[in-house]
Amino acid sequence: MPVHERCNEVARKVIDEPSEEIVANAKKERAAKRNPFARIALFIRQVFGELKKVVTPTRRELLSYTGVVLVFVVIMMAIVSLLDWVFGLGVVWVFGNPK
């Protein structure tokens with residue numbers, strides 16, 4: 001097969017393939033035409049499909065994640081408490097002690 005015929009064949013294949021934009025628009029139009037029950041069923045199928053991809057953590061990972069979260073919460077509590085105390089001192093300094 002001569003080179004120019006192969007180029008024409010490749011060009012024809014590229015032209016025959018729909019662009020991503022056309023495919024996206026077609027999917028949107030199809031989704032708009034579905035009735036509400038079909039859309040709900042599709043959503044539920046997609047949810048189950050995504051849930052199958054979930055990997056549960058091991059016991060060691062779970063304990064590690066829990067420890068990280070607890071340490072973060074304690075640090076944030078300390079920061080908020082410190083700021084509350086500082087602002088409280090500022091309010092007492094500006095407005096005086098309530099009597």
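The values are calculated or read from the model by the stated rules, or taken from the named source; none is laboratory data. Worth saying up front: this structure is predicted, and the values here are computed from it rather than measured. So basically every Cβ, Gly included, is an ideal-geometry build from the backbone, and we count neighbours across all protein chains shown. Areas reflect the complete protein model, heavy atoms only, side chains present, ligands, DNA and RNA absent. Shrake-Rupley method; radii C 1.70, N 1.55, O 1.52, S 1.80 Å.
Exactly one residue out of Lys13, Lys52 is surrounded by fewer than 10 Cβ atoms within 10 Å (Cβ to Cβ) and modelled with pLDDT of 70 or more, and it is Lys52.
Please specify each residue of the range 57-99 satisfying the condition of being outside any helix (DSSP H, G or I) and charged (D, E, K, R). Walk me through how you get there before you give the answer.
Quick first cut of the range 57-99, residues outside any helix (DSSP H, G or I) only: 57-58, 96-99.
Matches in the range 57-99: Lys99 only.
Residues in the range 28-45 that are of a type outside the set (Phe, Trp, Tyr), modelled with pLDDT of 75 or more and open to solvent by 100 Å² or more (accessible area, probe 1.4 Å): Arg39, Arg45.
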